[in-house]
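Heads up: the structure comes next, in structure tokens.
The values are calculated or read from the model by the stated rules, or taken from the named source; none is laboratory data. In this text, all values refer to a predicted model and were calculated from it rather than measured experimentally. With ideal geometry, Cβ positions are generated from the backbone for all residues, glycine too; neighbour counts draw on all protein chains shown.
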Amino acid sequence: MRRESIASLLATALFLSACAQMPAEPAPPVGLTDIAERPAEKALLSGIRAYDDGHYPDAEKQLKSALKLNLSSPKDRASANKYLAFIYCTSNRHSECEASFRAAMQADPAFALTKSEAGHPLWGPVYKRVHP
């Protein structure tokens, strides 16, 4: 190979490696309103709102929908499963309650109920059985 060709190849390689290392433009931050408009997250928020308002059948439907729509955050998946567990335990569906608590822990290994939630007479014993 000629000396000019080798020098040209080296210069091209150096240029390309420098281009590859140039920092990319940072992505704009994602806002709460952006996240709240995603179908899964919107269903989660609707489910929690329905739960808080005592509309448990609608809450169950929305929370299941949020999970089917693939919530992106492990904490959100755990939260959806937590509320489903509460609904299942309060309607005497203990095996579903237990399965939902297990799903919450699988989604987010750091998942834990608050002290007052864990002390609830309906779901507290089920939670303590699956989360020693």
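Brief remarks follow.
- When 79, 72, 95 are checked against the criterion of being more than 15 Å from the chain's Cα centre (by Cα) and either aromatic (Phe, Trp, Tyr) or on the phi < 0 side of the Ramachandran plot (or both), a single residue qualifies: 95.
- For segment 20-64, taking the residues that are of a type in the set (D, E, K, R) and at pLDDT below 85, the one that is surrounded by the fewest Cβ atoms within 10 Å (Cβ to Cβ) is identified as 25.
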